[in-house]
Amino acid sequence: MPHYVKEEDLQHRAASNAMFQRLCLSMTPEVARAFGHEHFATAMLEKRLREAVASRNWSLVGEIAKKLAKQDRQAG
């Protein structure tokens, strides 16, 4: 059975990948972990951390860093 997006159709493929990424990022860490996508929760926080650093929002950097450290402790 073929996929609904062909590999050579780059526009639809990119849209499909973006939708998949949004779905994964919308999951709570518990749901993501249950479906084997635990790294997406961390990836979302890492993205927010990069944005906070870029905007020099140091209090937000601290908050996000604490959340990442908590996730690391829970995973470890």
**Q.** the range 35-62 - residue that is charged (D, E, K, R) and assigned to a helix (DSSP H, G or I) and, of those, farthest from residue 74 (Cα to Cα)
**A.** 51
Q | Enumeration of residues in the range 19-29 that are among the aliphatic types (A, V, I, L, M) and either closer than 17 Å to residue 45 by Cα or not in a helix (DSSP H, G or I) (or both) | A | 23, 25, 27
(Q) Looking at 65, 32, 69, can you tell me which residue is at pLDDT below 80, in a helix (DSSP H, G or I) and hydrophobic (A, V, I, L, M, F, W, C)? (A) 32
(Q) What's the number of the only condition in (1) outside any helix (DSSP H, G or I); (2) at pLDDT 80 or above that residue 4 fails to meet? (A) (2)
(Q) Just the residues that are surrounded by 12 or more Cβ atoms within 10 Å (Cβ to Cβ), at pLDDT 75 or above and either in contact with an Asp or Glu (Cβ under 8 Å, 6 or more places away or on another chain) or not hydroxyl-bearing (Ser, Thr, Tyr) (or both), please, taken from the range 36-49. (A) 43, 44, 45, 46, 47, 48, 49
(Q) Of everything in the range 9-27, what is hydroxyl-bearing (Ser, Thr, Tyr) and surrounded by 12 or more Cβ atoms within 10 Å (Cβ to Cβ)? Give them in sequence order. (A) 16
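The values are calculated or read from the model by the stated rules, or taken from the named source; none is laboratory data. In this text, all values refer to a predicted model and were calculated from it rather than measured experimentally. Glycine also receives a Cβ, built like all others from the backbone with ideal geometry; neighbour counts cover every protein chain displayed.
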